[in-house]
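Written out below as structure tokens is the structure these notes cover.
The values are calculated or read from the model by the stated rules, or taken from the named source; none is laboratory data. What you see is a predicted model, and the numbers here were worked out from it, not measured in a lab. Positions of Cβ are generated from backbone atoms using ideal geometry, with glycine treated the same way; all protein chains shown enter the neighbour counts.
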Amino acid sequence: MSSYEEMKESTTKLTLPKEEIMSPGHLACQGCGATLALRYALKALGRKTIMAVPACCWSVIDGPFPYSAAGVPVYHCAFETAASTASGISHALSQLSQDDVTTLAWAGDGGTFDIGLQALSGAAERGDHFIYIVYDNEAYMNTGIQRSSATPHGAWTTTTPVKHYKKGPKKNIMDIIAAHHIPYCATANIGYPEDFIKKVKKAKNIKGTKFIHLYAPCPTGWKYPPDITIKIARLATLTNVFPIYEIEKGLYIINKKIKEPKPVSEYLKLQGRFQHLNENEVKSIQKEVDQNWKRLLKLEVTFGNLEK
Ligand SMILES: Cc1ncc(C[n+]2csc(CCOP(=O)(O)OP(=O)(O)O)c2C)c(N)n1
Ligand code: SF4
Ligand SMILES: [Mg+2]
């Protein structure tokens, strides 16, 4: 980070909505990014929200019935059905003329990039009215850290052990969902809560299907100490590993352009899941990150604000 950026970070005053809807008595691991994620999302959405939560860490984090940490009604649904359940809730609310209630599909990367993709694609094509947020911890964490198609190149998981670490890039879910021509898609990062909250509020006021790809580090599955979750989250964006952008009515807007991106090695070296990578492998990950960033810049130029 340049000294200017460092100074800006240290003097930024957070202006998050004060009301806490989620309660602290949840069952997540210490330092869980996915838990902060819902806390922020609900600050943006308010209490008039109904959630569809498929099998994922959050179905455990919420607590055993009759307890619930979420603070809003949660419909626990089958692994592949976050979007179809949200479609049903949203249509039922519409029949009841309860237009002031927001429907939120809240799913993990496995439930979104993999098994729930068909239901999500169907709902997005129909334009069903709800917000879909995927909290991406880059593996199937709830069942013991198995690789998903969101697992990045080079990562260890229990099904991609060190000798056979994950080869090939992370699936580009934003491109897939944007291809459905929904009115609003965005990436966000729990390390930048104000940006995330702004996007959730924006999505709330748009008719149709809205999609947010949220970066949510997991100390247990990524093998780092729980007190550096925010550091890891910010490093993902400061290295361009996880860029922050929106696709609004097909137009690309990059929300954070890092003047001097940090080397990817600074992000990788803090996480046990990447410890086996040698210098050449780190270089090839750096190359992949640089290429993705250049491609995103081109998309912004080509499909940026053409109406200007
Ligand atoms: C049809 C079906 N297959 C497998 C499972 C077992 N299962 C429950 S949660 C889960 C992993 C979820 O991963 P992800 O969506 O990434 O959420 P995370 O656990 O990482 O929060 C799996 C495989 C299931 N509940 N239903
Ligand atoms: S395994 Fe990871 S995502 Fe799941 S509760 Fe623990 S820290 Fe959170
Ligand atoms: Mg996951």
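Mind counting the residues in the stretch 145-192 that are away from ligand 3 (no atom under 15 Å from the Cβ), within 12 Å of the chain's Cα centre (by Cα) and not in a loop (DSSP other than H, G, I, E, B)?
6
Does K262 qualify as being of a type in the set (D, E, K, R) and more than 25 Å from A86 (Cα to Cα)?
In short, yes.
So, of the residues in the stretch 242-277 that are among the charged types (D, E, K, R) and assigned to a helix (DSSP H, G or I), which turns out to be farthest from the chain's Cα centre (by Cα)?
Per the stated criteria, the residue is E266.
Taking the stated definitions as given, is L42 farther than 25 Å from C218 by Cβ, modelled with pLDDT of 95 or more and part of a helix (DSSP H, G or I)?
No, not satisfied.
Among the residues of the stretch 195-219, which ones are away from ligand 3 (no atom under 16 Å from the Cβ) and either modelled with pLDDT under 95 or part of a helix (DSSP H, G or I) (or both)?
D195, F196, I197, K198, K199, V200, K201, K202, A203, K204
Please tell me if K223 is more than 16 Å from the chain's Cα centre (by Cα) and either within 16 Å of ligand 1 (Cβ to nearest atom) or at pLDDT below 95 (or both).
The answer is yes for K223.
Determine if the stretch 196-210 includes at least one residue that is within 16 Å of ligand 2 (Cβ to nearest atom) and on the phi < 0 side of the Ramachandran plot.
no
With respect to the numbered conditions (1) within 17 Å of the chain's Cα centre (by Cα); (2) buried (at least 19 other Cβ atoms within 10 Å of the Cβ); (3) under 24 Å from T15 (Cβ atoms), which one is the sole condition not fulfilled by T102?
(1)
So in the stretch 88-142, with the set limited to residues that are more than 17 Å from I212 (Cβ to Cβ) and in contact with a Leu (Cβ under 8 Å, 6 or more places away or on another chain), which one is farthest from ligand 3 (Cβ to nearest atom)?
D99
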